[in-house]
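Before any comments, here is the structure.
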Amino acid sequence: MEAKDTLILGIESSCDETAAAVIRNGRQVLSNVIASQIDLHKLYGGVVPEIASRKHIEKINQVIEEALAEAKITLDDLDAIAVTYGPGLVGALLVGVAEAKAICFAKNKPLVGVHHIEGHVSANYIEHPDLEPPFLCLIVSGGHTHLVLVKEYGVYEIIGQTRDDAVGEAFDKVARAIGLGYPGGPKIDKLAKEGNADAIRFPKAKIEGSPFDFSFSGVKSAVLNHINGCKMKGEPIVEADIAASFQKAVTDVLVERTIKAAKEYHMDVVALAGGVASNSALRNAMELACKKAGLRLCYPSPIYCTDNGAMIGVAGYYEYINGTRHSWDLNAVPNLKIGQR
Ligand code: KG4
Ligand code: ZN
């Protein structure tokens, strides 16, 4: 380890992944350990907050120990501890925040609270070493759908967002309706490959006067209506066609609005972030549209798209070098806004 290296431990526990990672100099991942609770929550068809918190408590020490061991460092080598403090499930967030505070207190290290979504955006820095702000980022996760201008490290301007369901939420609900189970996004992605995306015309909502906002509750209801209609008419329900047509309706809207925003705000680079950024149809459609519009497109590998500690370590590094330090009164903030400090 070079003397000048900056080492950050990133801790993430906002939803159903207990995760920790060690990041060197902001962009190199020395370790990235994720304990997923998906199998546990699958039984209930979605994340059960109380169970998530308990599981985080069980797993967090082990996950951090593994992350340090894999990076071949100890807590003493760290420059700071970065932790997600919002948005997310309050009980789940509290586990990570309390853990980070305990380590910082015991080892006399700086504590840096990180915004979960800013973490998702920062995941793009890991595999694109030359990517720097400004760029436009489409954030599509289970709880969030935002179009954001990343003006500088840690400086964000929201130019559009969903008025109702997040994209990932719509994927999960539609998946449940066609019997695919939780989490639905990856399952729809897979099934859609066998279906006809033009089989059913689902609505693509526009918000009057807000060209960069989104709404996904309409398309979700349209899928449910379609299924009910088939049942009532005794027609077959073709799950693969529903998955492909739903996915197309959603990705068309995401791509169209992102390209329009990039042009309007004179951005040359577009990035994708969040769990749904690993959707193959979204990546392909965005790739084509960006190529046509002469824009560079970046997105993280799937492992850095869904919740992980590395993205928190990266975002935490930029916060740390910008001077952000949190004190012992750092609390979990379930509805923390982007850019809020
Ligand atoms: O970012 P994330 O791990 O957690 C949140 O911060 O919400 O995103 C999880 C969401 C879930 O809704 C999941 O269904 C969705 O991302 N997702 C996908 C894919 N992989 C994960 N949605 C569509 N296609 C995928 N391949
Ligand atoms: Zn997330």
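Every number here is computed from the coordinates shown, using simple stated rules; none is lab data. Predicted model, so just to flag it, every value in this text is computed and none were measured. No Cβ is skipped: glycine too gets one built from the backbone with ideal geometry, and neighbour counts run over all protein chains shown.
Which links in K72/K101; K55/K151; K173/K260; K193/K337 stretch past 26 Å when you go from one Cα to the other? Before the final figure, lay out each step's value.
Details: K72/K101 22 Å; K55/K151 37 Å; K173/K260 28 Å; K193/K337 36 Å.
Too far apart for the 26 Å limit: K55/K151; K173/K260; K193/K337.
If contacts are Cα pairs under 8 angstrom and at least 6 residues apart, what is the relative contact order of the stretch 133-299 in percent? Show your work: numbers first, answer last.
Working: 320 pairs, mean separation 44.6, N = 167.
It comes to 27 percent, rounded to a whole number.
If you keep only loop residues by DSSP, which trypsin sites (Lys or Arg not before Pro) in the stretch 57-147 have at most 15 other Cβ atoms within 10 Å of their Cβ? Write down the numbers at each step before the final one.
On the way: sites: K59, K72, K101, K107; in loops: K72.
Sites meeting the loop and neighbour criteria: K72.
Would you mind checking the stretch 247-274 for residues with the amide N under 12 Å from a putative spin-label position 7 Å along Cα→C-beta of K206?
Those under the cut-off are 257.
Each residue of the stretch 31-48 in order: what ³J(HN,Hα) in whole Hz does its phi give by Karplus 6.51 cos²θ - 1.76 cosθ + 1.60, θ = phi - 60°, with x for Gly and Pro?
For the stretch 31-48, the Karplus curve yields 7, 8, 9, 10, 9, 8, 9, 3, 4, 5, 6, 3, 4, 9, x, x, 6, 9 Hz.
Could you give P(r) for the stretch 133-299, binned at 5 Å from zero, as whole percent values over all Cα-Cα pairs?
Bins of 5 Å from zero give 2, 9, 19, 22, 19, 13, 8, 5, 2, 1, 0, 0 percent of pairs.
So which GluC sites (Glu not before Pro) in the stretch 1-94 end up in coil per DSSP with only 12 or fewer other C-beta atoms within 10 Å?
Counting only loop positions with at most 12 other Cβ atoms within 10 Å, the GluC sites (Glu not before Pro) in the stretch 1-94 are E2.
Sorted by packing (mean other beta-carbon atoms within 10 Å per residue), highest first, where do 26-38, 201-213 land?
So the order, starting with the most tightly packed, is 26-38, 201-213.
Which three lengths, in whole Å and largest first, does the chain cover when its Cα atoms are put on their principal axes?
So the three principal-axis extents are 67, 46, 31 Å.
Would you order S53, S122, S13, S280 from fewest to most other beta-carbon atoms within 10 Å of each residue's own beta-carbon? All intermediate terms of the calculation are to be shown ahead of the outcome.
Values: S53 18, S122 33, S13 37, S280 15.
Sorted ascending by nearby Cβ count, the order is S280, S53, S122, S13.
Over the chain, what is the mean sequence separation of C-alpha contacts under 8 Å (at least six apart), divided by residue count, expressed as relative contact order in percent? Write out the running numbers ahead of the final one.
Numbers: 768 pairs, mean separation 85.2, N = 341.
Result for the chain is 25 percent.
Just the number, please: percent antiparallel of the DSSP beta bridges in the chain, rounded to the nearest 5.
60 percent
Given R₀ = 30 Å, what would the calculated FRET efficiency be for Q62 paired with K4, taking r from the Cβ atoms and rounding to 0.05? Walk me through the numbers before you get to the answer.
Values: r = 31 Å, r/R0 = 1.03.
After rounding to 0.05, the efficiency reads 0.45.
I'd like the FRET efficiency for C230 and A293, computed as 1/(1 + (r/R0)^6) with the beta carbon distance as r and R0 of 35 Å, rounded to 0.05. Could the numbers behind the result be given before it?
Values: r = 38 Å, r/R0 = 1.08.
According to the calculation, E is roughly 0.40.
Taking θ as phi - 60°, what are the ³J(HN,Hα) couplings along the stretch 122-137 by the Karplus curve (6.51, -1.76, 1.60), each to the nearest whole Hz, with x for Gly and Pro?
Here the 3J(HN,Hα) series is 5, 4, 5, 6, 4, 9, 10, x, 8, 6, 9, x, x, 7, 9, 10 Hz.
Please state, rounded to one decimal and in Å, the Kirkwood hydrodynamic radius that the stretch 128-207 gives when every pair of distinct Cα atoms enters the mean of 1/r.
Working: mean 1/r = 0.0674 Å⁻¹.
Taking the inverse mean of 1/r over all distinct Cα pairs, the stretch 128-207 comes out at 14.8 Å.
Please compute the modelled spin-label separation between K263 and T74, points set 7 Å along Cα→Cβ, answer in nm with one decimal.
It is 5.9 nm.
Using the Karplus curve 6.51 cos²θ - 1.76 cosθ + 1.60 with θ = phi - 60°, work out ³J(HN,Hα) for each residue of the stretch 109-115 in order, rounded to whole Hz, and write x for Gly and Pro.
Each residue's phi maps through the Karplus curve to give 10, x, 9, 10, x, 10, 7 Hz.
Mind checking the full-extension length gain between E132 and A106? Use 0.36 nm per residue of separation minus the Cα-Cα distance, one decimal, nm.
5.9 nm
How many percent of DSSP beta bridges within the stretch 133-299 run antiparallel, rounded to 5?
Of all bridge pairs located within the stretch 133-299, approximately 60 percent are antiparallel.
Under 5 Å between amide hydrogens, which residues at least 5 positions from F214 or on another chain qualify, with H placed 1.01 Å from N in the peptide plane?
It is Q161, T162, R163, by chain and number.
What distance in nm separates the two pseudo spin-label positions at N25 and A98, each 7 Å out from Cα along the beta-carbon direction?
3.8 nm
Amide H to amide H, which residues 5 or more places from F135 or on other chains are under 5 Å from it, using H placed in the peptide plane?
When sequence neighbours closer than 5 places are left aside, the close amide H contacts are V150.
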